[in-house]
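The values are calculated or read from the model by the stated rules, or taken from the named source; none is laboratory data. Keep in mind that this is a model prediction, so the values were computed, not measured. Glycine also receives a Cβ, built like all others from the backbone with ideal geometry; neighbour counts cover every protein chain displayed. To get the accessible areas, we keep the full protein, side chains included, count just its heavy atoms, and leave off ligands, DNA and RNA. Shrake-Rupley method; radii C 1.70, N 1.55, O 1.52, S 1.80 Å.
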Amino acid sequence: MNDQAARLRARMQHALGDSLDARPRESVAKVIAVGSGKGGVGKSNFCVNFGMGLAREGVRVLIMDTDVGFANIEVLLNVTPSHSLLDALSGRRLADIVEHSVYGLSFISGGNGLFDSSTLSVEDYGRLLAQLHELSVLYDIVLLDCGAGVNEVSRQLISASDELILVTTPEPTSMTDAYAFMKLLVQRSALPPTRVVVNRASSFAAAKRSAETLMSVTTRFLDVNIEALGYILEDAVVSEAVMRQVPVVAHAEKSRAASCYLQVATNFVRRDVVTPRVGVSGFFERLLGLRSRKGGRDSGHSA
């Protein structure tokens, strides 16, 4: 596994060194936040398997684990990261920081405190922007695995993204938390276009009812229209895959859950052609704007 990852890393270094102009500069990765109203709904597992499904559709995917202190992506992919984005701010090339799995997925580990507002300055964000803009021409999609719920970090990340995928389950508590999650985002910031995925459903009918319920209440009470992206059926093989640290799409491709993940990826690719994007550069510009406004408000309070 390490040898294959090393080969992938070498190819990435070569691409960054020699082929940055191979794609048009405006063709940059679309930033998609993946969030949930509560923990334990399978959000990180969704990121990994959805990402694999996209990769099988020919989409180049980079996952950024922004759930500070909970490094789930590398655990699910059975990869021990050597670096995090913080190393990019210390002078390392981004090609050396991107981790590669044997499943064709690339990811960046957040590291402790990555998006803590007390850790990164505006200048730090500027350096990070320049490096990620350079890297983004090598990818089509950047998936942000955000922390559960709405804290200031996840709020800023989601608000700056091109799109939000909200992961929930049919359980009443999960549905209630998903609605509360949407409500807080609407109250605190501009909400990007949102699509919902219902995970761990007993049947497609149950998943569809849950999605329609959530879409109905957000339209009625929040005046926000969201769409259903797809449904993932409950499947014991998912737990087996997690224990083995292998994505279920690779562990049991013909299983119910794996088939669902692949279908969700197909649904996304079919509809994504009409979804606007601003890309990584626009993402960080919006993120800086949010931080600047927050800093202004904080200064006003302390005056």
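In table form, for the structure just shown:
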item: Flag if Val269 is part of a loop (DSSP other than H, G, I, E, B) and touching a residue at least 60 places away in the same chain (Cβ under 8 Å); result: no
item: Residue match in the range 174-194 (condition: charged (D, E, K, R) and surrounded by 21 or more Cβ atoms within 10 Å (Cβ to Cβ)); result: no
item: Residue within the range 34-44 that is of a type in the set (A, V, I, L, M, F, W, C), at pLDDT 70 or above and either in a strand (DSSP E or B) or within 18 Å of the chain's Cα centre (by Cα) (or both) present; result: yes
item: Subset tally (residues that are at pLDDT below 90 and not aromatic (Phe, Trp, Tyr)) for the range 55-70; result: 6
item: Of the criteria (1) open to solvent by less than 30 Å² (accessible area, probe 1.4 Å); (2) at pLDDT 95 or above; (3) among the β-branched types (Val, Ile, Thr), which one Ile141 fails; result: (2)
item: Tally of residues being in contact with a strand residue (DSSP E or B) (Cβ under 9 Å, 6 or more places away or on another chain), aliphatic (A, V, I, L, M) and assigned to a helix (DSSP H, G or I) across the range 170-201; result: 4
item: Selected residue (criterion: surrounded by the fewest Cβ atoms within 10 Å (Cβ to Cβ)) from residues of the range 98-108 that are at pLDDT 90 or above and closer than 23 Å to Cys146 by Cβ; result: Tyr103
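Listed here are the residues, each with its yes/no results for (1) more than 25 Å from Ala236 (Cβ to Cβ); (2) modelled with pLDDT of 90 or more; (3) hydrophobic (A, V, I, L, M, F, W, C); (4) surrounded by 18 or more Cβ atoms within 10 Å (Cβ to Cβ).
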residue	(1), (2), (3), (4)
Ser27	yes, no, no, no
Gly53	no, yes, no, yes
Asn72	no, no, no, no
Leu76	no, yes, yes, yes
His83	yes, no, no, no
Asp96	yes, no, no, no
Phe115	yes, no, yes, yes
